[in-house]
Amino acid sequence: MVTPRKHASKLLIALAVVAAGLPFALTGAAAAEPGTPPVQPALPFPIPPLPPGFDPAFYRPAPQAYANLAPGQLIAARQVNVANLSLIPVNVDAWQLSYRSTNTRDEPIAAVATVLKPRGYMPDRPLFSYQIAEDSTGNYCMPSYQLQMGSIPATITGSVLVAGQFLEIQAALAQGWAVVVPDHQGPDSAYAAGPLAGRITLDGIRAAANFDPMQLSGTATRVGLMGYSGGAIATGHAAELKRSYAPELNIVGVAEGGIPADLSAALRMANGNLSAGLIFAGAMGVAREYPELRKFLDDNMNGLGKLMMAAKEQLCASYQSIFFPFADNIAMLGKNPFADPTVLAVLDKTKMGKAVPDMPMFMYQSNPDWLIPVGPVNDLVGWYAQDPNARVEYTRDHFSEHLTLDPIGAPRALLWLKDRFTGLPVAPGVRTIDAGSMMLDPATWQVWGETVGTTLAAAFQQPIGSGR
């Protein structure tokens, strides 16, 4: 008779074998022709994937493995099985890519993205880069881990945003699009560090477009970006950085909603409010990329503040939200952060409005948003409008709030990107639309109807999207 303890022992042995084998796999990948590492096979069922913290060979390879690579060049690749809620497999082709990116100090780093495509081949397939709102400080919250079959479910980890926004990714796959989902917070889970997230996102597009199994057209691939809330941090900064950081990419449109255009304004509004815990976690995430901010926090936080920081060091979004709501974050500091030049300099670096994107933009925001203030978004759109070449459609929703606008606005964003992929032009200029509710747009209802059908079909292992 095989006891449960023996089962557990066998599983631990299998995990150890997989973990031990990964460094050798990466060593082989480093010796391969640049840009074409061998693709490791998916883990056999029922061996679960290792969380990133227990998988350093893939997530944190030795610096010499990528120091001489170009941004976006592949370090390693492996096939994975993706699933809804970590349990219900989705019938698409999927891989994880480890690739070289660059931090905000212009140092090479390793980053990871998940790439997916419908089964089969489709010529000139477009690429949809979706930036999930990870909003977390724990590496086990990364989309690349949470999207996998057999990962710890979001009901336990608190990564509900990853699980929920995976439906929007499946809606894109159902259109026949290829998809790249970057772990845009980087190896240190630097939540809300926008310039870092933008670079990782652009390099993830480079990696996906040149990964042979994706069957894309390299730099000629038509690319669309989309992200909401924490995902809009990465999306907005990627749009602004594209011209200087990745000018060769053929980005035809960017859609973003619930836009954290100014972290300083969000921190001020959150103080003492329901969103205090989640927004302060963003400050902690930024401090991981900007050590001068971390030093300010360490030097000035009182005992309660340091306890809060310790509790939030390794949490996913749901737990970040429910721990320390309504906290008076400023009162926990010995000095006013908004009067400190070091803090202000860091917050300015993470603020959008440094460059006007050179592609069409679709932006949408809840006017009564209680988490991300609408004022900085209005200011950002107004700043873009000063450039006669800007192409922006901005919708303010006057009925929805932050959480509801994501599923309400996503169908319109997807339809807008579909028009960009088909080549419909966007005239120069900035247009602002005040809508009672984006939910009243009947053109969008079919999108969610199709998404529900796609999700149900996926539960019965029907392939998503089309190919030939």
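Things to note:
- Only residues that are within 24 Å of Ala410 (Cβ to Cβ) and not hydrophobic (A, V, I, L, M, F, W, C) were counted across region 207-251, and they come to 14.
- On inspection, Val430 passes the criterion of being in contact with a Phe, Trp or Tyr (Cβ under 7 Å, 6 or more places away or on another chain), closer than 29 Å to Glu401 by Cβ, of a type in the set (A, V, I, L, M, F, W, C) and modelled with pLDDT of 80 or more.
- In region 248-293, of all residues being open to solvent by 20 Å² or more (accessible area, probe 1.4 Å) and touching a strand residue (DSSP E or B) at 6+ places or on another chain (Cβ under 7 Å), the one that is nearest to Thr219 (Cα to Cα) corresponds to Asn250.
- The lone exception for Ala70 - which of (1) farther than 23 Å from Thr155 by Cβ; (2) of a type in the set (A, V, I, L, M); (3) buried (at least 19 other Cβ atoms within 10 Å of the Cβ) it fails: (3)
- Scan of region 382-402 for residues that are open to solvent by 40 Å² or more (accessible area, probe 1.4 Å), in contact (Cβ under 8 Å) with a residue 40 or more places away in the chain and in a loop (DSSP other than H, G, I, E, B), ordered by number: Pro388, Phe399
- Subset of region 115-148 [within 14 Å of Ser159 (Cβ to Cβ) and of a type in the set (Ser, Thr, Tyr)]: Ser136, Thr137, Tyr140, Ser144, Tyr145
- Scope region 426-446; condition part of a helix (DSSP H, G or I), open to solvent by less than 80 Å² (accessible area, probe 1.4 Å) and out of contact with any Asp or Glu (no Cβ under 8 Å at 6 or more places or on another chain); matching residues: Ala443, Thr444
- For the residues Gly465, Gly423, Gly449, the requirement of being open to solvent by less than 60 Å² (accessible area, probe 1.4 Å), modelled with pLDDT of 95 or more and of a type outside the set (Phe, Trp, Tyr) singles out Gly423.
- Per-region count, region 366-381, residues in a helix (DSSP H, G or I) and touching an Asp or Glu at 6+ places or on another chain (Cβ under 6 Å): 1
Table: residues versus (1) in contact (Cβ under 8 Å) with a residue 60 or more places away in the chain; (2) surrounded by fewer than 24 Cβ atoms within 10 Å (Cβ to Cβ); (3) under 20 Å from the mean Cα position of the chain (by Cα).
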site: Phe54; (1), (2), (3): no, yes, no
site: Thr104; (1), (2), (3): yes, yes, yes
site: Glu107; (1), (2), (3): no, yes, no
site: Arg119; (1), (2), (3): yes, yes, no
site: Tyr130; (1), (2), (3): yes, no, yes
site: Asn139; (1), (2), (3): yes, yes, yes
site: Tyr145; (1), (2), (3): yes, no, yes
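- In region 117-130, the condition of being of a type in the set (A, V, I, L, M, F, W, C), closer than 17 Å to Pro182 by Cα and modelled with pLDDT of 95 or more is met by at least one residue.
- Residue count for region 345-366, restricted to those that are within 18 Å of Arg243 (Cβ to Cβ) and of a type in the set (Asp, Glu): 1
- Condition met for Met363 (at pLDDT 95 or above and either in a loop (DSSP other than H, G, I, E, B) or open to solvent by less than 10 Å² (accessible area, probe 1.4 Å) (or both)): yes
- Residue in region 300-309 that is surrounded by the most Cβ atoms within 10 Å (Cβ to Cβ), counting only those that are free of Cβ contacts under 8 Å to residues at least 12 places away in the same chain and of a type outside the set (A, V, I, L, M): Lys306
- Taking the criterion of being surrounded by 24 or more Cβ atoms within 10 Å (Cβ to Cβ) and either farther than 19 Å from Gln314 by Cβ or touching a strand residue (DSSP E or B) at 6+ places or on another chain (Cβ under 7 Å) (or both), the residues of region 147-165 that qualify are Leu147, Gln165.
The values are calculated or read from the model by the stated rules, or taken from the named source; none is laboratory data. This is a predicted model, so every value here is computed, not measured. Every residue, glycine among them, receives a Cβ derived from its backbone with ideal geometry; neighbour counts consider all protein chains shown. Accessible surface is based on the protein model in full, side chains and every heavy atom, while ligands, DNA and RNA are left aside. Shrake-Rupley method; radii C 1.70, N 1.55, O 1.52, S 1.80 Å.
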